[in-house]
Amino acid sequence: MKKDQRITEKSSMHVNRLIGLLEDFWNGEKWIDDNLVKKVMHLSEYQVFKRPLEQLHSVAELVSHMLVWREAAIDRILEKPTALSVGTPLDWRKNDVLKEIGWNSLLQQFEANNLNLISLLKERDDTFLDTSYQEGSTFGNLIEGIVQHDFYHLGQIGITIKFLMLKSEAGDTC
């Protein structure tokens, strides 16, 4: 291995760690038992749009929510404006809107987004992570926040699925 090659690999160590986490979240097998694909692959179209309780989001709503924040992150990386903010209708799209998009389309959009985000990160080294995109916010914080946000909502998806299964066992058709 040449000295220059080691420097390049070393200078991308944190970017590569984040890429690994993004890959693991979608369909990885490394440190977490479930990933998004494994968690939702057995669900029917009906189940993904079903809220098991009025106060809980559906699986589709959770996936859509993660997706729009990832899209906003990509916009920031590409230095494009984003209209997304907490509490806007785009932040939590309703099931009626998501049904028009369709579950398979939503998953395909998420996968494409994941590949796009990974591709953008592969073009950058660790110095990028220390770059500010707005006052007090670095791209490193942004990407780490996306990873944490994804895994947080993966847990919520697990709880939603558990409630759906319990309701189904109790005779409520899910």
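Quote to one decimal, in nm, the extra length available between TYR152 and GLU100 on full extension: 0.36 nm per residue of separation minus the C-alpha distance between them.
Residue separation times 0.36 nm, minus the Cα-Cα distance, leaves 16.1 nm.
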Checklist entry - What are the chymotrypsin sites (Phe, Trp or Tyr not before Pro) within region 23-63 that DSSP puts in a loop, where the Cβ has at most 16 other Cβ atoms within 10 Å? => result TRP31
Item to check | Total lysine pairs under 22 Å (Cα atoms) in the chain, excluding pairs fewer than 8 apart on one chain | outcome: 26
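Normalised by the number of residues in the chain, what is the relative contact order in percent for Cα pairs under 8 Å and 6+ residues apart? Numbers along the way, then the final one.
Numbers: 161 pairs, mean separation 54.8, N = 174.
In percent, rounded to a whole number, it is 32.
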Checklist entry - Which three extents, in whole angstrom, do the alpha-carbon atoms of the chain cover along their principal axes, largest first? => result 65, 36, 25
Item to check | In Hz, Karplus ³J(HN,Hα) per residue of region 77-91 (6.51, -1.76, 1.60; θ = phi - 60°; x = Gly, Pro) | outcome: 4, 7, 6, 9, x, 10, 8, 6, 8, 4, x, 7, x, 5, 4
Item to check | Extreme residue, positive dipole direction of the chain, given options PRO81, LEU166, HIS14 (C-beta unit charges) | outcome: HIS14
Item to check | region 51-59 - phi-based ³J(HN,Hα) in whole Hz, Karplus 6.51/-1.76/1.60, Gly and Pro as x | outcome: 8, x, 9, 3, 7, 9, 6, 6, 4
Item to check | Residues of region 56-71 with amide N under 15 Å of a point placed 7 Å along Cα→Cβ from LYS167 | outcome: 56-62
Checklist entry - Can you give the longest stretch of the chain with no exposed loop site, where a site means GluC sites (Glu not before Pro) in a DSSP loop (not H, G, I, E or B) with at most 14 other C-beta atoms within 10 Å? => result 80-122
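Under a Cβ-only charge scheme (Lys and Arg +1, Asp and Glu -1), can you give me the dipole magnitude of region 26-104 about the Cα centre, in debye to the nearest 20? Please list the in-between numbers first.
Details: 11 positive and 12 negative charges, 6 e Å.
Here the size comes out at about 20 debye.
Taking the Cα centre of the chain as origin, sum charge times position over the Cβ atoms of Lys and Arg (+1) and Asp and Glu (-1), and report the length of that vector in debye to the nearest 20. It would help to have the intermediate numbers written out before the result.
Working: 20 positive and 26 negative charges, 42 e Å.
With Lys and Arg at +1 and Asp and Glu at -1, about 200 debye.
No lab work stands behind these numbers, since they all come straight from the coordinates. It should be emphasised that the depicted structure is a prediction, and the values quoted were computed from it without experimental measurement. Methodologically, a virtual Cβ is constructed for each residue, glycine included, from the backbone with ideal geometry; neighbour enumeration extends over all protein chains shown.
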